[in-house]
Amino acid sequence: MLLSVNNLSVSRGGVSLFKGLNFTLSSGQFISLTGGNGTGKTTLLRSIAGLQPIDEGEILIETDNFIFAGDSNGIKTSLTVSENLRFWSAIFGEKEFEEALEVFHLTKFENRFAGKLSAGQKRRLSLARLMLADKGIWLLDEPTVSLDKKSMEEFSKILKNHLKAGGAAVVATHTDLGLKTHSSNINIEDYRTKSGNLNASAGAFL
Amino acid sequence: MSLWEYANPVKFLKLSDKVLPFFVGFSIIGLSIGLFWGFFFTPDDYRQGSTVKIIYLHVPSALMAINAWFMMLVASLIWLVRRHHVSALAAKAAAPVGVTMTMVALVTGALWGQPMWGTWWAWDPRLTSFLVLFLFYLGYMALWSAIDNPDTAADLTSMLCIVGSVFAILSRYAVNFWNQGLHQGASLSLDKEKNVADVFYQPLLFSIFGFVFLFLTLVLIGTRTEIRLRRTEALRLRKDSE
Amino acid sequence: MIALLQRDLLLAVRAGGGFGLGVAFFLIVVVLVPLGIGPDMVILSKVSVGVLWVGALLACVLSLDRIFSLDYDDGTLELLLTSPIPLEAVVTIKAFSHWITTGLPLVVVSPILGLLLGLQVSDLKWVVISLLIGTPALSAIGAFGASLTVGIRRGGLLLSLLVLPLYVPTLIFGANVASKGLEDVSNNGALLILTAVTLAAFSILPFASAFVLRINLR
């Protein structure tokens, strides 16, 4: 098992978002997170990635076996495409970046400044970072935003390969990535805290 | 029954309701005895004349200016270790009182210095340290007011207070190094001989007693206001999320 | 980690003015001072050390918010926090690259500006030495201030208010090293303390900065 979430509750801005969330993620498994805006998909991913403290419960994860991709691209516009990737490849120190360029069809833009790319191309560059590290779990927040249909299909192929190779992924998304086997869905709204519930910090004043 | 129980904001409000009148009383008693005795019933100093009487405002306010920062440091540490909201809010409430005390110490010092040294201001180590302390207070309060999320603000200001304390001590040492100064030695110290004659000393103690309770009273009132603000905010949040 | 340093330096070159801006500001301060207090070289040489140190300090403060704000805005900082590199190391590297892009150029031009302020060529040595040892502390302390204000919009003025009081000891010891050196008085004591301040700032403050950054990225 790569990740186990037990009885988790998290909050944002003092208000509790969801309670009692349980799930496990094992090798080759894909979990899609759904739920309306503001229900806590991003907050859940950030909590798993260790960016945000949780209110209750526990998250069991190997801290050096995941890679997180948030809603912003993390791209330096004044660096070229290959300079951007070379940087992250050096940070992880696990893989060269040429393969990632090819897989995401960025080779011909290699020497172009990232600021000159279209929104979809930037997203592809941002996702190419995932290939640079040899991490088991991918935690992705709306990865397919601004991707066209063709890029989306290619990305779901990449995701499939990652799962086939023994990886796993938790993805907040509203689009169907066409992953039939080993995929499950968690609708966060099912765990929503009943309205008007504050977390311990804000609740201490009542 | 642990003392930490009163770190709960609601319990703290109840407890402070009872304590506050005593604090007010003590500060009125201490201040009126100390200041009246000091101003009207002590002789003029043979060298300093009647200007010496500003000591009853200057020394206590200078003491409280430093002690307020020290209190903020302790409260910040408690917040970072034990996450008690009252502690963070007390630190927040102490800052404006501390900065006022610093200002009173600086202004009364200038008023005292003018007839004695012939100048309103000198870049003396003590004076300079107090000016630097004043700047530290300003930065601390500005950081509190710049951050919306109250818990984040408490965390960041606590860290600033801790790092700031180290640098404040270092600055104190640095300004000594930088200039030897003309300020007289400490008026009160436990280890050395008394530097202030008994006639001035006794009313001074009353005045200090009064200032301590004045400080506690103001911080208590400030903390209660902060708690109520947070309570209002929490109620609003609860209503919004319904 | 070397990659991070390389990238930061490359960005400073690419972004245009990363290197030059601080030096230009330093130059302006030094030019304005004689215009303000008169052309008397004797008076100028007396205040020269102080002017150079205060000028370097202000030039340094001016560029502090660049240490983290760009990486914060485009999401890189968040990704770095989840990367295998410890955040403390990220802070140290970023403070160091700030020193290379801001502090070091100031040290390099300081002898020329010293001449403008009436210092003798033989006196310039101590100005350079004091700035060389002291300016890294300014970057490390500044990185702490920058991590406090990273989430705040238009936090520049607040950043100066927070950081400048923290600069007091470095300024005093740094200027003391230079002015005692100029007078041919022994400045060993001040030199030792200045070195200690820089070393301590670089070895301890990154922990405080990383703590604060984690909170700001929650």
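The values are calculated or read from the model by the stated rules, or taken from the named source; none is laboratory data. Just so it is clear, the model here is predicted, and its values are computed rather than measured. Every residue, glycine among them, receives a Cβ derived from its backbone with ideal geometry; neighbour counts consider all protein chains shown. Ligands, DNA and RNA are stripped out before the accessible areas are found, and what is left, the full protein with its side chains, is counted by its heavy atoms. Shrake-Rupley method; radii C 1.70, N 1.55, O 1.52, S 1.80 Å.
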(message) For segment A:37-76, give me each residue that is open to solvent by 50 Å² or more (accessible area, probe 1.4 Å), at pLDDT 90 or above and in contact with a strand residue (DSSP E or B) (Cβ under 7 Å, 6 or more places away or on another chain).
(response) A:Thr42, A:Ile54, A:Asp55, A:Glu56, A:Glu58, A:Leu60
(message) Could you check segment A:163-206 and list, in sequence order, the residues that are of a type in the set (A, V, I, L, M, F, W, C) and more than 15 Å from the chain's Cα centre (by Cα)?
(response) A:Ala165, A:Leu179, A:Ile188, A:Leu198, A:Ala200, A:Ala202, A:Ala204, A:Phe205, A:Leu206
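Only one of C:Pro39, C:Pro84 is free of Cβ contacts under 8 Å to residues at least 12 places away in the same chain, surrounded by fewer than 17 Cβ atoms within 10 Å (Cβ to Cβ) and closer than 23 Å to C:Phe202 by Cα; which? Full working, then the answer.
Numbers: C:Pro39 fails: closer than 23 Å to C:Phe202 by Cα.
Of C:Pro39, C:Pro84, the one residue that is free of Cβ contacts under 8 Å to residues at least 12 places away in the same chain, surrounded by fewer than 17 Cβ atoms within 10 Å (Cβ to Cβ) and closer than 23 Å to C:Phe202 by Cα is C:Pro84.
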(message) Every residue in segment A:128-187 that is assigned to a helix (DSSP H, G or I), open to solvent by less than 30 Å² (accessible area, probe 1.4 Å) and of a type outside the set (Ser, Thr, Tyr), please.
(response) A:Ala128, A:Arg129, A:Leu130, A:Leu132, A:Phe155, A:Ile158, A:Leu159, A:His162, A:Leu163
(message) Quick check on my filter: what residues within segment C:64-116 are under 17 Å from the mean Cα position of the chain (by Cα) and of a type in the set (Val, Ile, Thr)?
(response) C:Ile67, C:Val91, C:Thr92, C:Ile93, C:Ile100, C:Thr101, C:Thr102, C:Val107, C:Val108, C:Val109
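Determine whether segment A:82-105 contains at least one residue that is closer than 30 Å to B:Arg83 by Cβ, touching a helix residue (DSSP H, G or I) at 6+ places or on another chain (Cβ under 7 Å), free of Cβ contacts under 8 Å to residues at least 60 places away in the same chain and surrounded by fewer than 19 Cβ atoms within 10 Å (Cβ to Cβ).
no
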(message) Can you find a residue that is under 15 Å from B:Pro96 (Cβ atoms), crowded, with 21+ Cβ neighbours inside 10 Å, hydroxyl-bearing (Ser, Thr, Tyr) and at the interface with chain C (Cβ under 9 Å from one of its Cβ atoms) anywhere in segment B:163-171?
(response) no
(request) Could you tell me whether C:Thr195 is part of a helix (DSSP H, G or I), buried (at least 24 other Cβ atoms within 10 Å of the Cβ) and touching a residue at least 12 places away in the same chain (Cβ under 8 Å)? (result) no
(message) Regarding segment C:125-148, can at least one residue be identified that is free of Cβ contacts under 8 Å to residues at least 12 places away in the same chain and either farther than 21 Å from B:Ala174 by Cα or within 14 Å of another protein chain (Cβ to nearest Cβ) (or both)?
(response) no
(request) Name, by its number, the condition in (1) within 16 Å of C:Ser63 (Cα to Cα); (2) open to solvent by less than 40 Å² (accessible area, probe 1.4 Å); (3) among the charged types (D, E, K, R) that does not hold for C:Arg154. (result) (2)
(request) Identify the single condition in (1) more than 26 Å from A:Asn7 (Cβ to Cβ); (2) facing chain C (nearest Cβ under 9 Å) that A:Ala100 does not satisfy, given that it satisfies every other one. (result) (2)
(message) For segment A:1-20, give me each residue that is more than 27 Å from B:Arg236 (Cβ to Cβ) and at pLDDT 90 or above.
(response) A:Leu3, A:Ser4, A:Val5, A:Asn6, A:Asn7
(request) For segment A:28-41, indicate whether the set of residues that are within 12 Å of chain C (Cβ to nearest Cβ) and among the hydrophobic types (A, V, I, L, M, F, W, C) is non-empty. (result) no
(message) Of all residues being within 16 Å of the chain's Cα centre (by Cα) and open to solvent by 30 Å² or more (accessible area, probe 1.4 Å) in segment C:42-55, which is nearest to C:Gly103 (Cα to Cα)? Just the residue, please.
(response) C:Val54
(request) Report yes if some residue within segment C:105-121 is surrounded by fewer than 24 Cβ atoms within 10 Å (Cβ to Cβ) and either under 30 Å from B:Met159 (Cα atoms) or among the hydroxyl-bearing types (Ser, Thr, Tyr) (or both); otherwise report no. (result) no
(message) So if I check each of A:Ser82, A:Ser47, which one is closer than 30 Å to A:Lys108 by Cα, outside any strand (DSSP E or B) and of a type in the set (Gly, Ala, Ser)?
(response) A:Ser82
(request) Considering only segment C:166-192, state which residues are closer than 30 Å to C:Val212 by Cα, open to solvent by 30 Å² or more (accessible area, probe 1.4 Å) and within 11 Å of another protein chain (Cβ to nearest Cβ). (result) C:Leu171
(request) Select from segment B:134-146 the residues that are at the interface with chain C (Cβ under 9 Å from one of its Cβ atoms) and of a type in the set (A, V, I, L, M) and write down the one among them that is surrounded by the most Cβ atoms within 10 Å (Cβ to Cβ). (result) B:Leu143
(request) Being in contact (Cβ under 8 Å) with a residue 12 or more places away in the chain, part of a helix (DSSP H, G or I), more than 8 Å from every other protein chain (Cβ to nearest Cβ) and not acidic (Asp, Glu) narrows it down to one of C:Val163, C:Val212, so name that one. (result) C:Val163
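Looking at the structure I just gave you, is A:Lys180 at pLDDT below 85 and of a type in the set (D, E, K, R)?
Criteria met by A:Lys180.
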(request) Could you tell me whether A:Phe113 is out of contact with any strand residue (DSSP E or B) (no Cβ under 6 Å at 6 or more places or on another chain) and surrounded by 13 or more Cβ atoms within 10 Å (Cβ to Cβ)? (result) no
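The rows are residues; the columns are (1) of a type in the set (Lys, Arg); (2) at pLDDT below 90; (3) more than 25 Å from B:Phe40 (Cβ to Cβ).
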{"site": "B:Asn195", "(1), (2), (3)": "no, yes, no"}
{"site": "B:Gln202", "(1), (2), (3)": "no, yes, no"}
{"site": "B:Phe211", "(1), (2), (3)": "no, no, no"}
{"site": "B:Phe215", "(1), (2), (3)": "no, no, no"}
{"site": "B:Leu218", "(1), (2), (3)": "no, no, yes"}
{"site": "B:Ile221", "(1), (2), (3)": "no, no, yes"}
{"site": "B:Thr225", "(1), (2), (3)": "no, no, yes"}
{"site": "B:Arg230", "(1), (2), (3)": "yes, no, yes"}
{"site": "B:Arg238", "(1), (2), (3)": "yes, yes, yes"}
